[in-house]
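Notes for the one structure printed next.
Please treat every number below as a calculation from the coordinates, not as lab data. Keep in mind the model is a prediction, meaning the values are calculated, not measured. Neighbour counts run over all protein chains shown; Cβ positions are idealised from the backbone, glycine included.
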Amino acid sequence: MLRLVLPKGSLEKATLALFDDADLAVHRASDVDYKATVEDPRIDSVRILRPQEIGRYVAEGLFDLGITGRDWIEETASEVVSLGQLHYSKATARPVSIVLAVAAADPASSVADLRDGVRVATEYPELTRRFLEKQGIAADIRLSYGATEAKVPEIVDVVVELTETGRALRAAGLRVIETILVSHTELIANPTAWEDPDKRHAMAQIHTLLQGTLEARGRVLVKLNVGAPELGGVIEILPSLRAPTVSKLFGTDAYAVETVVPKDRINTLIPALKDHGATGIIEVPISKIVH
């Protein structure tokens with residue numbers, strides 16, 4: 001039903017791991033194969049391509065569903081439907097920004113201070129051109145193939161660059177004067193495919209599986225038994241995702257308690273639960289959490 005396209009390159013390994021964890025394992029003949037399959041009735045075919053191209057291909061209807069960054073969607077002016085952000089790796093856990101930066105000694109303090117003919121190096125020429133045109137600036141925009149920050153001030157006056165913290169730009173002696181775009185990794189759909197009720201339903205289900213997997217990461221289910229006198233103390237120290245489930249144990253004055261907790265707290269939590277009278281404590285891995 002769905003033609004899926006996934007990003008190759010820096011996001012490839014983490015993307016495939018996410019689909020594997022979501023029980024949507026991507027199978028291909030080799031690590032360099034661009035064609036793949038997912039054994040799921042909702043997914044007909046899978047391609048693995050550069051994220052720079054994915055927005056355009058999804059917009060053109062070559063694929064129904066894909067994953068790429070908002071930066072490349074905007075650079076290619078692709079008309080797509082965003083199903084939501086996906087934070088599934090170190091590279092996607094926090095947003096990145098496309099910023100405009102000048103040399104630290106440059107007198108410009110804002111975009112308004114840039115003159116016509118200003119030389120700009122960037123890996124995002126179309127996004128940069130549209131942005132500067134809206135500011136009324138006719139710029140000399142030059143496509144950069146890397147090491148963009150090293151080109152100021154001898155080769156260009158300004159760079160438009162992707163950054164997470166701005167540290168590399170500062171280390172290169174540059175100063176950010178404008179943030180053009182904040183970018184996350186997104187699950188996107190072709191607008192025509194999105195209007196098809198069957199495809200939309202399948203897309204929503206895939207999105208639910210991916211988000212449920214992400215929600216479960218870093219969490220575990222804890223089950224335990226506790227006597228009635230100790231119940232209040234145990235409940236008080238449980239860092240639950242929601243209110244814990246408490247059930248009366250048949251024929252006893254005791255309770256079964258279960259809840260979802262952060263995994264990074266489990267090694268201090270289990271001894272504390274035992275100290276508060278809990279018994280039969282079980283830690284259970286979680287694959288998905290769907291609200």
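Taking every DSSP beta bridge that has both residues in the chain, what percent is antiparallel when rounded to the nearest 5?
Here the antiparallel bridges make up roughly 75 percent for the chain.
If you project the alpha carbons of region 218-285 onto the principal axes, what extent comes out on each, in Å, largest first?
Over region 218-285, Cα extents along the principal axes are 35, 20, 18 Å.
Fewest first, what order do MET203, MET1 take by the number of other Cβ atoms within 10 Å?
MET1, MET203
Taking +1 at the Cβ of each Lys and Arg and -1 at the Cβ of each Asp and Glu, which of VAL160, THR279, ILE266 sits farthest along the dipole of the chain towards its positive end, judged by Cα position relative to the Cα centre?
THR279
Tell me the net charge near GLU149. Cut-off is 15 Å between Cβ atoms, GLU149 excluded, with +1 for each Lys or Arg and -1 for each Asp or Glu. Write out the running numbers ahead of the final one.
Numbers: positive: ARG119, ARG142, LYS151, ARG167, ARG170, ARG175; negative: ASP106, GLU123, GLU154, ASP157, GLU161, GLU164.
Taking every other residue near GLU149 into account, the sum is 0.
On the Cα set of region 136-185, report Rg and Dmax in Å, please.
Expressed in Å, the Cα Rg and Dmax of region 136-185 come to 11.5, 34.
Within 11 Å, Cβ to Cβ, of THR245, how many net charges do the neighbouring residues add up to if Lys/Arg are +1 and Asp/Glu are -1?
Result for the local shell: +1.
Rank PRO271, PRO51, PRO191 by mean-square fluctuation in a GNM of the chain with C-alpha springs under 10 angstrom and give only the top-ranked residue.
Checking each option, the largest mean-square fluctuation is seen for PRO271.
Work through the residues other than VAL176 whose Cβ is under 13 Å from its Cβ and net out their charges, Lys, Arg +1 and Asp, Glu -1.
-2
Anyone know which of ASP198, ASP64, ASP116 comes out most mobile in the 10 Å Cα GNM of the chain?
It is ASP116.
Running Debye on region 8-135 with equal point scatterers at the Cα sites and no solvent, what base-10 log of I(q)/I(0) appears at q = 0.09, 0.13, 0.19 Å⁻¹?
These q points yield log10 I(q)/I(0) values of -0.37, -0.67, -1.14.
Treating the angle as unsigned and between 0 and 90°, give the value, to the nearest 10°, between the Cα long axis of helix 12-21 and the longest Cα principal axis of the chain.
Tilt relative to the chain: about 20 degrees.
I'm spelling it out carefully: the read-out is volume of the Cα convex hull per residue in Å³, the candidates are (i) 184; (ii) 126; (iii) 135, and one was derived from this structure. Which label?
Matching the structure shown: (i).
Of the residues ALA121, ALA150, ALA22, which exhibits the maximal mean-square fluctuation in a Gaussian network model of the chain defined by a 10 Å Cα contact cut-off?
Maximum fluctuation in the GNM of the chain, among the listed residues, is at ALA150.
Which ³J(HN,Hα) values in Hz, rounded to whole numbers, follow from the phi angles of region 227-238 under the Karplus curve 6.51 cos²θ - 1.76 cosθ + 1.60, where θ = phi - 60° and Gly and Pro get x?
Taking θ as phi minus 60°, the curve returns x, 4, x, 8, 4, x, x, 5, 4, 5, 9, 7 Hz for region 227-238.
Taking DSSP loops as anything outside H, G, I, E and B, show the longest stretch in the chain free of chymotrypsin sites (Phe, Trp or Tyr not before Pro) there with at most 13 other beta carbons within 10 Å. The partial results should precede the final answer.
Numbers: sites that count: TYR34, TYR145, PHE250.
In the chain, the maximal stretch lacking such sites is 35-144.
If you plug each phi of region 272-282 into the Karplus form 6.51 cos²θ - 1.76 cosθ + 1.60 with θ = phi - 60°, what whole-Hz ³J(HN,Hα) values come out, in order, with x for Gly and Pro?
Listing the rounded values in order: 5, 4, 4, 4, 8, x, 6, 9, x, 6, 10 Hz.
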